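First comes the structure, then the notes that go with it.
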Amino acid sequence: MCGHGSFGWSRGIITKRGIAGRFASVITDLELEPDERPYEGLYDYCVMCGKCAKNCPAQAIDMQEGKKHYPCNMWLNHMGEVTHFADTCGKCQVNVPCMDHIPAPKFRQYSILK
Ligand code: SF4
Ligand code: SF4
């Protein structure tokens, strides 16, 4: 995953195409030049706006401590039971500043963590 992006506070990866996406792996013996890594910290692309925490129906994201996986998993199990269809959620990845791009610096003014 090195070079793809940094973590967001909701623990997804924020890439240049945002956090709302999925990765797949390709195994190859092709020799490839490594991409330049334009960030340094684990959370460099997260602007700590708190929108993912507000969106979360399970209150699984705490802006002091980060995402708690247990309540998220419990919510996903609940969704699977009530829908009989899909144990998915992803409300932390949609309608957020990092949804489909690296958040612009202007979002930093709305950050709840200074
Ligand atoms: S919604 Fe805001 S706090 Fe949550 S991961 Fe995206 S930029 Fe970070
Ligand atoms: S997937 Fe749903 S329950 Fe889990 S952290 Fe994201 S919004 Fe919350």
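The values are calculated or read from the model by the stated rules, or taken from the named source; none is laboratory data. Note that the structure is predicted; figures quoted are calculated from it, not measured. Using ideal geometry, Cβ is built from the backbone for each residue, glycine included, and neighbour counts are taken over all protein chains shown. All accessible areas refer to the heavy atoms of the entire protein, side chains included, with ligands and DNA or RNA removed. Shrake-Rupley method; radii C 1.70, N 1.55, O 1.52, S 1.80 Å.
The table below gives the values:
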| read-out | value |
| --- | --- |
| Cys49, sole failed condition from (1) closer than 16 Å to Ile14 by Cα; (2) of a type in the set (A, V, I, L, M, F, W, C); (3) in contact with a strand residue (DSSP E or B) (Cβ under 8 Å, 6 or more places away or on another chain) | (3) |
| Sole residue being surrounded by 18 or more Cβ atoms within 10 Å (Cβ to Cβ) and outside any loop (DSSP other than H, G, I, E, B), chosen from Cys52, Cys46 | Cys52 |
| Hits in segment 1-26 - residues which are over 14 Å from Tyr39 (Cβ atoms), among the small types (Gly, Ala, Ser) and either within 16 Å of ligand 2 (Cβ to nearest atom) or open to solvent by less than 20 Å² (accessible area, probe 1.4 Å) (or both) | Ser10, Gly12, Gly18, Ala20, Gly21 |
| From Cys56, Cys52, residue being within 15 Å of ligand 2 (Cβ to nearest atom) and in contact with a Phe, Trp or Tyr (Cβ under 7 Å, 6 or more places away or on another chain) | Cys52 |
| Enumeration of residues in segment 79-104 that are open to solvent by 80 Å² or more (accessible area, probe 1.4 Å) and either free of Cβ contacts under 8 Å to residues at least 12 places away in the same chain or part of a helix (DSSP H, G or I) (or both) | Glu81, Val82, His84, Phe85, Asp87, Lys91 |
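Yes/no per residue for (1) within 14 Å of Pro103 (Cβ to Cβ); (2) within 12 Å of ligand 1 (Cβ to nearest atom); (3) in contact (Cβ under 8 Å) with a residue 24 or more places away in the chain:
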{"position": "Arg17", "(1), (2), (3)": "yes, no, yes"}
{"position": "Ala20", "(1), (2), (3)": "yes, yes, yes"}
{"position": "Ala24", "(1), (2), (3)": "no, no, no"}
{"position": "Thr28", "(1), (2), (3)": "no, no, no"}
{"position": "Leu32", "(1), (2), (3)": "no, no, no"}
